Amino acid sequence: MFITARRSADQLDLQLTGHWRASEFAAIEAELRAIDLAGAHQARLAVGDSSMDLSGAWLLHDFLQRARRAGLEARFEGETPSALALVERTYSGEMPARVAGNEWLDPEAAVAGLGRRAVRSWRSFLLGLEFTGRVSVALLRAFTSLRRLRPVAIARHVYDTGITAIPIVSLVGFLISVILAYMGAQELGKFGADIFVVDLVTVGVLRELGVLLTAIIVAGRSGSAFAAEIGVMQLNEEVDALQAIGVDPIEVLVVPRLLALLVVLPLLTIAADLVGLVGGGLLCHELLDMPMLQYLNRVQGAIANTTFWVGLIKAPVFAALIAGAGCACGMRVRGSSRELGRLTTMAVVVSIFSVIVADALFAVLFMKLDV
């Protein structure tokens, strides 16, 4: 039984029971057709503890339309079932009311929105903290066994994130050094200080621009790739399958990517530095008629003991931030391709933002240390 009908005078009392689902479509339709509406002027419906999907709501909507055509006034005790309300809105073409443009100025709504954002931010922070802890434990476990370290997976990610990135990293390193040298030559030439263009290119590329631009390129390439790859595995329930067979997804999916990027980013930084110095030398030779031997001697004079290492020491930190952001966003994907796209974009944004903030903190640290 899905509906119980009782008649009192001209009122028809209907009690909905059970689960109004598509699998019971024929039985529900038969019971609704068997209800005699003759002589009744009102219909009172009680939902009780029944539930319905869209198929059940469609049948109930058709029954109510038939009752109204027969002259009955139908009303619910309590709230109208949400599925039925959705069906009625669909039939009527009614759209949900839009929020007025000035309603956000309501102090109560503003405080409630601020509270929700604060709670979401706190939960995101806790999720990030949990992810960091799980990765740390998986890393420690991985170093106890070569099998857990998965060198084949690391090698594949080194190729994907490093070898294939050499052309674009080299091109950007070359172009940024040419731009830096050209701008320096324009401004310093006004004071007859052309020779200091070499210092500008050398220190700028080795300390800051080489590693920073390399990290940004890797964040765009590899950070988004990590999020997309792991996110697709989440959508295909491959991560759940790994857990079902007793394999830790962090150990299999995150640790190899993290270790590969820790290896790759310092090497890409060195490549960007070398190409950048070559680009600066070519521009100085063409624009300032500076012999390459003089350029190399000036480069050696401009490089302090810490100049190269200050840039290189940032690379592993940037690599950890990029890999962590990409993998964490990928592990959070749930439910739809839209969520995958949103979190892939978030991975790139968070990676680049984290790299720039870390670079600023390094600059303050090195200034305090007088390095």
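The values are calculated or read from the model by the stated rules, or taken from the named source; none is laboratory data. Keep in mind that what you see is a predicted model, and the values were worked out from it rather than measured. All Cβ positions, even for glycine, are placed from backbone atoms using ideal geometry, and neighbour counts span all protein chains on display. Ligands, DNA and RNA are stripped out before the accessible areas are found, and what is left, the full protein with its side chains, is counted by its heavy atoms. Shrake-Rupley method; radii C 1.70, N 1.55, O 1.52, S 1.80 Å.
Can you work out the accessible area per residue across the chain, with the rest of the protein chains kept in place, probe 1.4 Å, in square angstrom?
Numbers: 20710 Å² over 371 residues.
I get 56 Å² per residue for this part.
Roughly to the nearest percent, how much of the accessible area of the chain is carbon and sulfur, given a 1.4 Å probe?
Details: 13150 of 20710 Å².
Its accessible area is 64 percent carbon and sulfur atoms.
Rolling a 1.4 Å probe over the protein heavy atoms leaves Met367 with an accessible area of roughly 130 Å².
Just to confirm the filter: which GluC sites (Glu not before Pro) across segment 179-264 are DSSP coil and have at most 12 other Cβ within 10 angstrom of their Cβ? If you can, show how the numbers build up before the last one.
Working: sites: Glu187, Glu208, Glu229, Glu237, Glu238, Glu251; in loops: Glu237.
Hits after loop and neighbour filter: Glu237.
Solvent-accessible area of Phe76, all protein chains in place: 40 Å² (probe radius 1.4 Å, heavy atoms, ligands and nucleic acids excluded). This structure gives P(r) over Cα pairs in 10 Å bins from 0, in percent, computed directly, and of (1) 5, 21, 27, 23, 15, 7, 2, 0, 0; (2) 5, 24, 33, 27, 11, 1; (3) 5, 16, 17, 15, 14, 12, 8, 6, 4, 2, 0, 0 that value is listed as (3).
Just tell me the longest site-free run in the chain, where the sites are trypsin sites (Lys or Arg not before Pro) in a DSSP loop having at most 16 other beta-carbon atoms within 10 Å.
Numbers: sites that count: Arg21, Arg98, Arg334.
Excluding the exposed sites themselves, the longest stretch runs over 99-333.
Summed over qualifying helices (DSSP H, 4 residues or more, each -39500 (n - 2.57)) and divided by its residue number, the chain shows a 222 nm mean residue ellipticity of -22000 deg cm²/dmol.
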